[in-house]
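Structure record follows, encoded as structure tokens.
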Amino acid sequence: MKMRRISRLMITAPSSGNGKTTLACALLRAFVSRGLRPAAFKCGPDYIDPMFHEKVTGAAASNLDLFLSDAETVRRLLSENSEGCGIAVIEGAMGYYDGIAMTDEASAFKVAEATDTPAVLALDAGGQALSAAAVLAGFAGFRSRSNIKGVVFNRLKPGLYEGLKRAVERETGLKVYGYLPQLRDCAIESRHLGLVTAGEIAGLRDKLDMLAAEAEKTVDIEGLIRLASEAPPMEAGPAAALDAPEGRPKIAVARDSAFCFYYGDALRLLERLGAELVFFSPLKDAALPEGAAGLYLGGGYPELYAGRLSENRGMLASVRAAVSGGMPTIAECGGFMYLHAEMEAEDGVFYPMAGVFPHRTFKTGRLVRFGYVTLRAGGKSLLFDPDGGVESLPAHEFHYWDSEDPGASLQAVRPRSEGSWSCAHTGKTLYAGYPHIYLPGNPKAALRFVKACAGYARREAAR
């Protein structure tokens with residue numbers, strides 16, 4: 001273990017909808033303009049906010065999640081991904097104390113506690129006066145060491161700021177670090193998974209520049225930088241040593257508008273274990289990359305591009321042949337849908353897909369099997385080996401589509417609940433199902449995948 005001094009700050013809120021992402025992006029952009037090379041993090045299993053962070057910073061963003069991994073791993077990922085950066089910004093999830101099953105377990109508060117990070121609340125001040133102080137006092141005092149140090153008001157009329165600032169600082173002792181007014185030209189659209197992806201927003205860079213310019217005028221940027229610099233040294237240990245296989249197997253990773261949901265730390269873990277990641281587009285490319293020895297089909301929005309995916313018959317055939325021929329494959333959620341015989345598009349039309357599974361995937365009009373789960377295996381498969389340290393994997397489900405056969409190889413168990421269900425198709429060379437797995441939560445599973453890919457590459461070379 002070693003102690004590292006990392007300037008760091010958490011942007012959180014009393015609840016969703018207070019403007020956390022808006023404020024975090026404004027600050028990240030302002031920090032970039034100061035040459036601070038910020039590192040960006042998101043609490044929880046969110047894929048989309050990190051995309052926004054990456055657009056702002058130009059650097060890879062990461063997730064910090066205390067269900068998907070333990071506190072030691074969270075500290076290590078914060079430390080590793082902040083290397084060479086001047087400041088780390090962690091964006092919370094939901095409300096600050098909102099965790100699993102009406103507890104604070106795995107909440108943003110618990111991440112701030114585990115990393116000893118000062119937190120600043122984003123608070124939508126619309127329709128409030130002194131009541132804002134009551135909200136802030138309640139949040140700051142709800143836990144004996146809440147780590148809440150201040151607030152930035154969002155959507156506040158400029159004429160109300162000075163009076164509200166004086167009242168809040170007098171009543172709560174918290175520092176007010178400024179405000180953002182209502183900025184309609186910077187609004188970011190919503191969709192069923194939260195926010196649209198960063199690549200889909202017209203003029204995103206202009207909007208982010210406008211946010212940062214406003215923050216420079218109305219937010220105490222220098223005060224927030226000082227607060228971040230006052231974070232105490234944090235203890236972080238190295239990753240556990242794992243024996244990478246010989247060779248450097250190529251893993252083809254689908255990445256385009258249809259498939260874009262990946263945990264950055266999972267991809268970096270595969271690389272550390274010796275894999276070479278080769279990105280390709282199921283929308284545009286004619287076939288899998290030459291020499292691929294493994295396939296990773298992540299989640300995303302394939303239902304929005306079902307027609308175009310279906311028209312790319314060369315890629316469908318290439319994927320079908322690879323998976324059916326024993327290429328080690330991870331297919332999560334949208335990637336799993338792509339392997340079906342047919343997929344229902346958002347407009348209700350069914351389109352032919354890769355046909356690895358002879359079933360349809362269809363929209364349900366409601367959220368299906370939402371939340372954290374632990375995937376438990378009864379036997380050995382591509383990722384799982386109960387006798388070899390991989391009996392379970394942390395995962396997360398969030399989808400509005402379902403399958404005629406979602407699989408029954410694994411048991412998905414809800415935390416703090418009696419709820420469970422069968423899920424996923426697994427085999428010696430396959431994981432395919434709706435749950436998004438988190439490989440850094442059990443790196444031995446990632447090692448099993450890379451070793452399987454290395455074995456496939458050797459067999460192909462010997463043919």
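Readers should treat all values here as calculations from the given coordinates under stated rules, not as data from a laboratory. Keep in mind that this is a model prediction, so the values were computed, not measured. Cβ sites come from the backbone with ideal geometry, for glycine too, and all protein chains shown count toward neighbours.
Of note:
- Farthest toward positive dipole pole in the chain [+1 Lys/Arg, -1 Asp/Glu at C-beta], among Leu28, Pro233, Val278: Pro233
- Charged side chains reduced to their Cβ positions (Lys and Arg at +1, Asp and Glu at -1) give region 250-462 a dipole of some 540 debye around its Cα centre.
- Principal-axis tilt of helix 161-172 within the chain, Cα atoms, nearest 10 degrees: 90
- Using a cut-off of 20 Å between Cα atoms, the listed pairs Lys55/Lys363; Lys284/Lys451; Lys380/Lys444; Lys284/Lys363 include Lys55/Lys363; Lys284/Lys451; Lys284/Lys363 as exceeding that distance.
- Thr364 paired with Met3, simple spin-label distance in nm, labels 7 Å along Cα-to-beta-carbon: 5.0
- Overall, the ratio between the Cα radius of gyration of region 250-462 and 2.2 N^0.38 Å, rounded to two decimals, is 0.95.
- For a paramagnetic label modelled on Arg34 (point 7 Å from Cα along Cα→Cβ), amide N atoms under 15 Å away belong, within region 222-240, to 222-231.
- For a label point 7 Å along the Cα-to-beta-carbon line of Glu235, residues of region 68-102 with backbone N under 15 Å: 71-76
- Near the amide H of Ser62, within less than 5 Å, lie the amide hydrogens of Ala40, Phe41, Lys42, all on another chain or at least 5 residues away, with H placed in the peptide plane.
- Charge dipole (the chain, unit charges on Cβ, about Cα centre) - positive-most of Met337, Asn63, Trp421: Asn63
- Once semi-axes √(5λ) of the Cα gyration tensor in Å is calculated for the structure shown, the corresponding label among (1) 40, 24, 21; (2) 57, 33, 19; (3) 33, 29, 22 turns out to be (1).
- Measuring nothing but how far apart in sequence close Cα pairs (under 8 Å, 6+ apart) lie, relative to its length, region 313-382 scores a relative contact order of 26 percent.
- Relative contact order (%) - the chain, alpha-carbon pairs under 8 angstrom, separation at least six: 14
- Extension gain for Arg166-Glu271 works out to 32.7 nm (0.36 nm per residue, less the C-alpha to C-alpha distance).
- Fewest-first ranking of Glu346, Glu214, using other Cβ atoms within 10 Å as the exposure measure: Glu346, Glu214
- For Trp421, Trp401, order by how many other beta-carbon atoms lie within 10 Å, fewest first: Trp421, Trp401
- If R0 equals 22 Å, the separation of the Cβ atoms of Ser146 and Arg226 corresponds to a calculated FRET efficiency of about 0.65.
- In this simple spin-label model, placing a label point 7 Å from the Cα along the Cα-to-Cβ direction at both Ala286 and Glu460 gives a separation of 1.8 nm.
- Along region 75-85 the Karplus relation, 6.51 cos²θ - 1.76 cosθ + 1.60 evaluated at θ = phi - 60°, assigns HN-Hα couplings of 5, 5, 5, 4, 5, 4, 7, 9, 4, x, 9 Hz to successive residues, with x for each Gly and Pro.
- Compared with the dominant Cα axis of the chain, that is its longest principal axis, helix 48-57 is turned about 70°.
- Distances between placed amide hydrogens fall under 5 Å for Met343 paired with Tyr351, Met353, Thr361, all partners being 5 or more residues away or on another chain.
- Listed residues Gly294, His399, Leu269: farthest to the positive end of the dipole of region 250-462 (Cβ charges): Leu269
- Given +1 at the Cβ of Lys and Arg, -1 at the Cβ of Asp and Glu and no other charges, the dipole of the chain around its Cα centre is 640 debye to the nearest 20.
- The distance separating the Cα centre of region 155-175 from that of region 391-411 comes to 47 Å.
- Counting neighbouring Cβ atoms within 10 Å and putting the fewest first, the residues Val111, Val278, Val450 line up as Val278, Val450, Val111.
- From its DSSP helices (H runs of at least four residues, each -39,500 (n - 2.57)), the chain gives a residue-normalised ellipticity at 222 nm of -9500 deg cm²/dmol.
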